[in-house]
Amino acid sequence: MKIGTCVTFHSLAEVETNLALLRDHGFTTCQLVAWEPALWTDENAARLKALLDEYGITVSAFWCGWEGPKVWDFYDGQLTLGLVPVEYRQMRIQNLCDGADFAKKLGITDVVTHMGFIPENPNDPNFAGFCVAVRAVAEHLKANGQYLLFETGQETPVTLLRCFEQVGTDNLAVNLDTANLILYGKANPVDALDVFGKYVRNLHAKDGFYPTDGHNLGREVPVGQGKVDFRALFEKLKALGYDSHVTIEYEIAGDDHLDVVLSTRDYLQTIIDQVYA
């Protein structure tokens, strides 16, 4: 089990600084987070690959963003996020395919994204169209030898599973964000593994609390201070045969960010060593 972090690609200079920081603190893996299609060029792919080799960092997954508006709440989020809004769908299908092609140049097989608030009602007219869009992306990735990973949170576990069944390709998987299921009020991440556990290929280690109003997400907190039972989580992951990447995603800005990430690694490593002994 390898513990890594997220590295955002805004510029090559910033990536190099962050890769050096990872190496200096003993990390060997990361997820590469990229929201800017203009940066997904052949030249940047070649330079990024060289930097990853230089600093000894393996990218476990390419977190692929998309263009257009994005609001992370329960109201405007329904209208702006992922492939669910029809008005942005074709553009974002292209974004995800382009991002996957960029990831392929880096030798990355797993592509992660948020799909949006997938309709929970399978009879919703938008559900079928959404699944067609997902299938278009999944088939493009399959031709690349890649997996399409849904980051959990905006849909219930059963809705996610239903989508996988409807799309029907064999390269759909889950990036389990342990906090998002709680922050969006959708599920407990440990219990969610009963529904989609066999599909988990990567993991965002994050913590938080359930929403306290109907408009805003719940509150993120450092790992170990929220509702996620990480010991129970890893015990169930072990039972499922999961022994892959764990990616720390800490999205609270502050001067102590690095210290929190390092203490999170120690906290998780202690639990993993005990559970996987």
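The values are calculated or read from the model by the stated rules, or taken from the named source; none is laboratory data. For clarity, every value in this text was computed on a predicted model and none was experimentally measured. Cβ atoms come from the backbone with ideal geometry, glycine included; neighbour counts cover every protein chain shown.
Quick notes on this one:
- Residues of segment 242-277 satisfying the condition of being free of Cβ contacts under 8 Å to residues at least 60 places away in the same chain, over 20 Å from Asp177 (Cβ atoms) and either part of a loop (DSSP other than H, G, I, E, B) or not polar (S, T, N, Q) (or both): Gly254, Asp255, Asp256, Asp259, Asp266, Asp273, Ala277
- Residue count for segment 1-56, restricted to those that are part of a loop (DSSP other than H, G, I, E, B), among the hydrophobic types (A, V, I, L, M, F, W, C) and without any contact (Cβ under 8 Å) to a residue 12 or more places away in the chain: 0
- For the condition under 21 Å from Thr58 (Cα atoms), more than 15 Å from the chain's Cα centre (by Cα), surrounded by 22 or more Cβ atoms within 10 Å (Cβ to Cβ) and in contact (Cβ under 8 Å) with a residue 12 or more places away in the chain, Leu148 does not qualify.
- Yes/no for Leu183 being free of Cβ contacts under 8 Å to residues at least 60 places away in the same chain, surrounded by fewer than 19 Cβ atoms within 10 Å (Cβ to Cβ), of a type in the set (A, V, I, L, M) and within 19 Å of Met115 (Cβ to Cβ): no
- Count of segment 229-251 residues, restricted to those that are in contact with a strand residue (DSSP E or B) (Cβ under 6 Å, 6 or more places away or on another chain) and hydrophobic (A, V, I, L, M, F, W, C), is 2.
- Residue identified as modelled with pLDDT of 95 or more, over 16 Å from the mean Cα position of the chain (by Cα) and not in a helix (DSSP H, G or I) among Gln166, Gln154, Gln225: Gln225
- All positions within segment 121-154 that are touching a Lys or Arg at 6+ places or on another chain (Cβ under 7 Å) and under 22 Å from Leu193 (Cβ atoms): Tyr147, Leu149, Gly153
- Every residue from segment 63-100 that is part of a loop (DSSP other than H, G, I, E, B) and surrounded by fewer than 18 Cβ atoms within 10 Å (Cβ to Cβ): Glu67, Gly68, Pro69, Lys70, Val71, Trp72, Asp73, Phe74, Tyr75
- Scope segment 1-32; condition within 14 Å of Ala61 (Cβ to Cβ) and among the acidic types (Asp, Glu); matching residues: none
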